[in-house]
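The values are calculated or read from the model by the stated rules, or taken from the named source; none is laboratory data. Keep in mind that what you see is a predicted model, and the values were worked out from it rather than measured. Heads up: the accessible areas ignore ligands, DNA and RNA and are worked out on the full protein's heavy atoms, side chains in. Shrake-Rupley method; radii C 1.70, N 1.55, O 1.52, S 1.80 Å.
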Amino acid sequence: MLPTLGDFRRDQLATATLFFFLGFQYATWASRLPALKDRFDLGGTEVGLLLMAAGVGAAVSFPLVAPLMRRLGARRLALWSALALVAVLPVLAAAGSYPLALLVIFVDGVAVGCLNVAMNAQGAALESHYGRAAMAQLHATFSGGSLGGALLASGVNTVTHSVTAHFAVAAAAGVLLLAGSRPRVLTDAPAPPAGERSAEDGKKGLRSLTGASRTALVLGGAMVFGTVVEGAMNDWSALYLTEETGASGRLAPLGIAVVSVMMVLARLLGDGWRNRWGDARMVRVGSTMAGTGLALALLAGGTWPALVGFACVGLGMATVTPCLYVAAAAEGPGALALVAAMGTTGLLAGPALIGFVAGLTDLTVGMTVVAVSAVLVAVCSMRVRFKEREGEAVPH
């Protein structure tokens, strides 16, 4: 029986629920950082370590994900890791000490790393099964989940300041989300035919010390540079506006807002663009647009040129990460796990690198590093053979 558009939409919704759930779960505990800070009487350094624990856990998950994918499959790994993230919330609410909270957040990071790989594998399987682009919209729903988690936190906080009550409500909502998605989550797709892999990798069989193919390493490099850009824009755009352009406190938050809005809108439309122009062009043109747009804004100086440059970053980088995940999934679960872990490394190291450069020089030079990183995504992608699309092929 041929798949229909209705089948595709139902499976897309189930997979999108996993992306939404991950954003929702992260925003839930992150929104209560002030309460956790007060409970454990933490300073800025301790809060930074708490956030770092999640990133370290995600990075540590890398050697676990590939064998778990082989043993459980992407479908079961996604559901089990999501259930672990549900359990994290009440455990974190009950944590009686800062060291225990660090451990809980570390476990959260491990589960996030597993779910991140598994749900992106599901997204790639969805595209492969139906012959339709879907990954950009799936990544947009992550942002929707973050918004949902923040709104729930605000709503619950107007009724009660209890972290335990908030996390209990959020955990129940997470269970309902997973219950709704489980029946439609795809089973695992078969490994791609050898003919669809990079011809050069297939002939030479090059492997790094970690066993990753050269294509996987190049994809990982592109992901590192891409996530450096995303992370740095979130962490440094407001400070750049205030410190380097003299923007007022009222205008400074527009830096993050412009990047976020452009990225969400572009991801909602991005799958249509991928069908029309192909993943390779989306990555190369998009990252080049982001880098050159930001660089020109830095040269021009001023608040409004900066906001235009930030808009170029949001628009250009929106589909880069989804396309890289699809390409990595085509190389196998090990490559997907490696690329996801390297992306986590970029998110962790990027903002710190920009801060280090800005400390030695100034924030304009630091943001120049961001622009260069975006262009390096395009350079890395030149060594990757992306699967070309021939339009939407689901029969009606």
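Over the stretch 8-106, the ratio between the Cα radius of gyration and 2.2 N^0.38 Å evaluates to 1.23.
A 1.4 Å probe run over the chain, with the rest of the protein chains in place, finds 44 Å² accessible per residue. Counting every pair of alpha carbons in the stretch 91-179, the share spaced more than 17 Å apart comes to 64 percent.
Only helical runs count toward this figure. For the chain, summing -39,500 (n - 2.57) over DSSP H runs of n ≥ 4 and dividing by all residues gives -28000 deg cm²/dmol at 222 nm.
Sorting the Cα pairs of the stretch 204-332 by distance into bins of 5 Å, from 0 upward, gives 2, 11, 19, 20, 16, 12, 9, 6, 3, 1, 0, 0 percent per bin. Can you give me the Cα centroid spacing of the stretch 34-50 and the stretch 76-129 in angstrom? If you average the Cα positions of each part, the centres end up 22 Å apart.
Scaling the Cα radius of gyration of the chain by the globular reference 2.2 N^0.38 Å produces a ratio of 0.97. Just the protein heavy atoms count here, and of the accessible area of the stretch 1-65 at 1.4 Å, carbon and sulfur take up 68 percent. For R10 and A257, the difference between the fully extended length at 0.36 nm per residue and the C-alpha to C-alpha distance is 85.8 nm.
Checking understanding here: applying a Kyte-Doolittle mean of at least 1.0 and a length along the axis of at least 18 Å (C-alpha), which whole DSSP H helices in the chain pass? Qualifying helices: 44-60, 62-94, 98-130, 163-181, 303-317, 333-360, 363-381. Shape descriptor for the stretch 315-369: Rg over Rh equals 1.14 (Cα atoms; Rh from the Kirkwood inverse mean 1/r). Kirkwood's formula applied to the C-alpha pairs of the stretch 282-396 gives a hydrodynamic radius of 15.6 angstrom.
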